[in-house]
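Asks: The following block contains the structure, expressed as structure tokens.
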Amino acid sequence: AQRVTQPEKLLSVFKGAPVELKCNYSYSGSPELFWYVQYSRQRLQLLLRHISRESIKGFTADLNKGETSFHLKKPFAQEEDSAMYYCALAQGGSEKLVFGKGTKLTVNP
Amino acid sequence: NAGVTQTPKFQVLKTGQSMTLQCAQDMNHEYMSWYRQDPGMGLRLIHYSVGAGITDQGEVPNGYNVSRSTTEDFPLRLLSAAPSQTSVYFCASSYGLAGKIVFGPGTRLTVT
């Protein structure tokens, strides 16, 4: 069965420090992975898709099939990055998402 | 273009009561879904629909019903509310690209 694991419930860093939010997955097929972000009092929104290999708001994420990981990274965290981050997996081509339990990132001044 | 809208924003129910959470989208998306968000549990899929007249169960469907009579609307019905259904409910839609899902603002439901 597919599963997404985000080992850290909470992550706190100082402004300007690098940040890495971990995501590991288990899936037997070819996974499609995503990062969603939920800022305070706002709806969930898509941050990154592994297929597009893009950088959004300074964040990047690389799919490592050998380690079954899709960690989210940013070299210099900003206070406005404070939010809840969810890693999600879609079965190949499906729109049904399996979410991790989320990591709450706090960036301190 | 309002995107995905949900009503009500907040609701308090007594155990045993029934109600319908409304969801509508104006983007002509074929795919719509309902998730519940619980602290420490992330988001879990309740029901989804790949088009008008077609629905299927997600990970946690018990206690919920859905129907999809139009492309635009996808209501979620709680048949007999239980305290375990206290949660934030998100409706979402997409146009067929995995992961490019647009979420609604959520409905915060409390069952006492």
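Asks: What spacing in nm lies between the two simple spin-label points modelled at B:Asp26 and A:Thr68, each 7 Å away from Cα in the Cβ direction?
Replies: Result: 4.4 nm between the two label points.
Asks: Report D for chain B in µm² per second (integer): Stokes-Einstein, Kirkwood Rh on Cα pairs, 37 °C, 0.692 mPa s.
Replies: 237 µm²/s
Asks: So for the protein assembly as shown, Kirkwood radius off the Cα pairs, Stokes-Einstein at 25 °C and 0.890 mPa s: how many µm² s⁻¹?
Replies: Answer, rounded: 137 µm²/s.
Asks: Counting only Cα atoms, I'd like the Rg/Rh figure for region A:10-65, Kirkwood definition for Rh.
Replies: Expressed as Rg/Rh, it is 0.98.
Asks: Would you mind checking the radius of gyration and Dmax of chain A based on alpha-carbon positions, in Å?
Replies: Cα only, chain A: 13.3, 42 Å (Rg, Dmax).
Asks: What does the accessible area of B:Asp73 come to, in Å² to the nearest 10, when a probe of 1.4 Å is used?
Replies: 60 Å²
Asks: How far apart, in nm, are two points set 7 Å out from the Cα along the Cα-to-Cβ line at A:Thr5 and at B:Met41?
Replies: Computed distance between label sites A:Thr5 and B:Met41 equals 2.1 nm.
Asks: Which links in A:Lys73/A:Lys96; A:Lys101/B:Lys9; A:Lys15/A:Lys65 stretch past 29 Å when you go from one Cα to the other?
Replies: Distance filter (> 29 Å) returns A:Lys15/A:Lys65.
Asks: Arranged from highest to lowest average of other beta-carbon atoms within 10 Å per residue, in what order do the peptides A:3-15, B:36-48 appear?
Replies: The most tightly packed comes first, giving B:36-48, A:3-15.
Asks: Of the accessible area of region B:1-80, with the probe set at 1.4 angstrom, what percent is carbon plus sulfur?
Replies: Whole-percent figure for carbon plus sulfur exposure: 49.
Asks: Under a plain spin-label model, where a point goes 7 Å from the Cα along Cα-to-Cβ, how far apart in nm are B:Asp73 and A:Phe76?
Replies: Modelled inter-label distance: 5.1 nm.
Asks: Further question: Might you tell me the accessible area per residue for chain A, computed with a 1.4 Å probe and given in Å²?
Replies: For chain A, the solvent-accessible area averages 51 Å² per residue.
Asks: Pairs A:Lys9/B:Lys14; A:Lys9/A:Lys57; A:Lys57/B:Lys100; A:Lys22/B:Lys100: which exceed 24 Å Cα-Cα?
Replies: A:Lys9/B:Lys14
Asks: Based on the Cβ-Cβ distance of B:Ser18 and A:Glu20, what FRET efficiency does E = 1/(1 + (r/R0)^6) give at R0 = 45 Å, to the nearest 0.05?
Replies: Efficiency for this residue pair is about 0.50.
Asks: Report the gain in length on full extension from B:Ala82 to B:Tyr95: 0.36 nm times residue separation, minus Cα-Cα distance, nm rounded to one decimal.
Replies: Going from the current span to full extension adds 1.4 nm.
Asks: Ordering B:Lys9, A:Lys101 by how much accessible area each has at a 1.4 Å probe, largest first, what is the list?
Replies: B:Lys9, A:Lys101
Asks: While we're here: If you take each beta carbon of peptide B:43-51 and count the beta carbons of other chains within 10 angstrom, what is the mean?
Replies: The mean count of partner-chain Cβ atoms within 10 Å per residue comes to 3.
Asks: Quick check: with the 1.4 Å probe, what order do A:Ile51, A:Ile56, B:Ile101 take by accessible area, largest first?
Replies: These residues rank, largest area first, as A:Ile51, A:Ile56, B:Ile101.
The values are calculated or read from the model by the stated rules, or taken from the named source; none is laboratory data. Not measured: the values here are computed from a predicted model. FYI the Cβ positions are ideal-geometry reconstructions off the backbone, even for glycines, and counts take in every protein chain you see. Side chains are part of the model used for accessible areas, which takes the heavy atoms of the whole protein and leaves out ligands, DNA and RNA. Shrake-Rupley method; radii C 1.70, N 1.55, O 1.52, S 1.80 Å.
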